[in-house]
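Take a look at the structure below.
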Amino acid sequence: MQFDVFANPARSTRLAFPLVVDLQADLVAGRLHVVSFLARAVRFSDTDGKLLPRVRVGDEEYLVTVGRMATVPIAALGASTGSVAAWRDDILRAIDWLFFGLP
């Protein structure tokens, strides 16, 4: 489930962030999971990529907004619409940059 993509369960943010990615390790059980919001890359003209790694879901490019994390009930996520595990290293570098200042 880690790095699986889901429709954003929060109506209030769904327009800006239509998808979320599950960042939580599969080994950590619980009713809540840590997610980050995905924004369509076409909405951003210029990014440095450190905190906004680019990923592809289907035919569209998204930015993982690592600085915007939340916990959501796992039951609210529903069915996965894809995975961004191929960009795991980029996402983890962004998390390292956010929390530890590591380039």
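The values are calculated or read from the model by the stated rules, or taken from the named source; none is laboratory data. This is a predicted model, so every value here is computed, not measured. Note: ideal-geometry Cβ built from the backbone for every residue, glycine included; neighbour counts use all protein chains shown.
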* **Positions within segment 17-31 being modelled with pLDDT of 95 or more, of a type in the set (A, V, I, L, M) and out of contact with any Asp or Glu (no Cβ under 8 Å at 6 or more places or on another chain), in sequence order** => LEU19, VAL20, LEU23
* **Test result for ARG88, at pLDDT below 95, closer than 15 Å to GLN24 by Cα, under 14 Å from the mean Cα position of the chain (by Cα) and not small (Gly, Ala, Ser)** => no
* Structure fact -> In segment 53-82, anything surrounded by 15 or more Cβ atoms within 10 Å (Cβ to Cβ) and over 14 Å from LEU19 (Cα atoms) is listed as PRO53, ILE74
* Where VAL55 falls short, out of the listed (1) touching a Leu at 6+ places or on another chain (Cβ under 9 Å); (2) not in a strand (DSSP E or B); (3) not small (Gly, Ala, Ser) -> (2)
* Taking segment 1-31 only, how many residues are in a loop (DSSP other than H, G, I, E, B) and closer than 23 Å to GLU61 by Cβ? -> 13
* Structure fact -> Over segment 1-22, the set of residues touching a residue at least 60 places away in the same chain (Cβ under 8 Å) and either farther than 18 Å from ALA79 by Cβ or of a type in the set (Gly, Ala, Ser) (or both) is ALA7, ALA10
* Options VAL34, VAL64; residue that is modelled with pLDDT of 95 or more, farther than 18 Å from LEU15 by Cα and in a strand (DSSP E or B) -> VAL34
* Asked: Name the residues in segment 67-92 that are free of Cβ contacts under 8 Å to residues at least 60 places away in the same chain, part of a strand (DSSP E or B) and β-branched (Val, Ile, Thr), would you?
  -> THR71
